[in-house]
Amino acid sequence: QVQLVQSGGGLVQSGGSLRLSCTASGSVSTIYAMAWYRQRPGKQRELVAALTRTGRTNYAGAVKGRFTISRDSAKNTGYLQMNSLKPEDTAVYYCNAAKSFDVATMTGPFGSWGQGTQVTVSS
């Protein structure tokens, strides 16, 4: 089992930046990919960015060029750097650690979830 603990998030003005962190513990060697999802008010959960163990990344079109996913393997921690934030980025953000994932199509079975963290972007 993998446990994920998130940190970061909060309130920021439009155009600002935030960084989310997601620290894994437990069976971390089974993690193939870490992904960040978000759930905006009244919307379904959507995939934002993904990073595989081999270093491949992919992003949803709405965040490409503004968000960067990365990891620090020594700390078992993944990050989502969010720049040029917009009010429509307001959402609860979740990290997910998957045992398998197709980064090209941004699909795969869900793994363990973080607890979620609120990001609010004011206009």
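The values are calculated or read from the model by the stated rules, or taken from the named source; none is laboratory data. Predicted model only: the values in this text are computed from it and were never measured. The accessibility values were calculated without ligands, DNA or RNA, using every heavy atom of the protein model including side chains. Shrake-Rupley method; radii C 1.70, N 1.55, O 1.52, S 1.80 Å.
Which of the lysines could be linked to K75 by a straight reach, that is with a Cα gap under 26 Å, when you skip same-chain ones fewer than 8 residues away?
Within the straight-line limit of under 26 Å, K75 reaches these lysines: K64, K99.
Which of the aspartates and glutamates could a cross-linker span from K86 if the Cα-Cα distance has to be under 19 Å and same-chain partners fewer than 8 positions apart are dropped?
Straight-distance partners of K86: E46.
Classify the stretch 9-123 as rounded, prolate or oblate, taking a ≥ b ≥ c as the square roots of the eigenvalues of its Cα gyration tensor: rounded when a/c is under 1.5, otherwise prolate if a/b is larger than b/c and oblate if not.
Since a/c reaches 1.5 and a/b is larger than b/c, the shape of the stretch 9-123 is classed as prolate.
Given Cα pairs under 8 Å that are at least 6 residues apart, what percent is the relative contact order of the stretch 40-123?
26 percent
With an 8 Å cut-off on Cα pairs and a minimum separation of 6 or more residues, tell me the relative contact order of the stretch 1-81 in percent.
About 28 percent, as a whole number.
Could you tell me the center-to-center distance, by alpha carbons, between the stretch 20-53 and the stretch 93-123 in angstrom?
3 Å
Per residue, how much accessible surface does the chain expose to a 1.4 Å probe? Answer in Å², no decimals.
Heavy-atom SASA per residue in the chain reads 50 Å².
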